[in-house]
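Trainee: The following block contains the structure, expressed as structure tokens.
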Amino acid sequence: MNGAALLRRRFAIGDRAFTVLGESIFDERSGEWNARLLFVPLDHSLPRGVASEPLARARRRDEVERKLRGVSDRAIVGAFRSIVLPLPRRTRAR
């Protein structure tokens with residue numbers, strides 16, 4: 001997997017809709033690969049995309065990528081709900 005891989009083209013959680021990507025990242029400190037999910041909003045419910053905490057860790061990249069490809073809808077929802085969401089931008093009244 002180079003960069004981020006498409007896991008779900010359109011995924012709805014409540015009234016929000018996202019494209020869900022999976023990304024594997026090497027953590028030099030621990031010497032392990034981490035798998036995380038990237039949520040790209042398809043609506044205007046978030047000001048920008050957000051990333052989950054690592055869902056899986058492994059010594060080998062192919063193990064982490066296999067886990068990402070097999071991620072369940074339930075795991076995606078759980079990962080999204082664990083994210084501290086950014087606040088919407090405020091506009092100043094003139």
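Trainee: Once Rh for segment 4-81 is found with the Kirkwood sum over Cα pairs, what is the Stokes-Einstein diffusion coefficient at 10 °C and 1.306 mPa s, in µm²/s?
Mentor: Roughly 125 µm²/s, to the nearest whole number.
Trainee: Roughly how many debye, to the nearest 20, is the charge dipole of the chain about its Cα centre, given +1 on each Lys and Arg Cβ, -1 on each Asp and Glu Cβ, and no other charges?
Mentor: For the chain, the charge dipole is close to 400 debye.
Trainee: Further question on the same structure: With springs connecting C-alpha atoms under 10 Å apart, model the chain as a Gaussian network and identify which of ALA51, ALA75, ALA17 has the largest mean-square fluctuation.
Mentor: ALA75
Trainee: On full extension of the chain, what length is gained from ARG9 through ARG48, given 0.36 nm per residue of separation minus the C-alpha to C-alpha distance?
Mentor: 12.3 nm
Trainee: Would you calculate the separation in nanometres between label points at VAL84 and ALA17, each defined as 7 Å from the Cα along the Cα-to-beta-carbon direction?
Mentor: 3.0
Trainee: Tell me, in nm to one decimal, what length is gained between ASP73 and ARG57 on full extension, where the rule is 0.36 nm per residue of separation less the Cα-Cα distance?
Mentor: Full-extension gain reported as 3.9 nm.
Readers should treat all values here as calculations from the given coordinates under stated rules, not as data from a laboratory. Since the structure is predicted, the reported quantities are computational estimates derived from the model, not experimental observations. All Cβ positions, glycine included, derive from the backbone under ideal geometry; neighbour counts span all protein chains shown.
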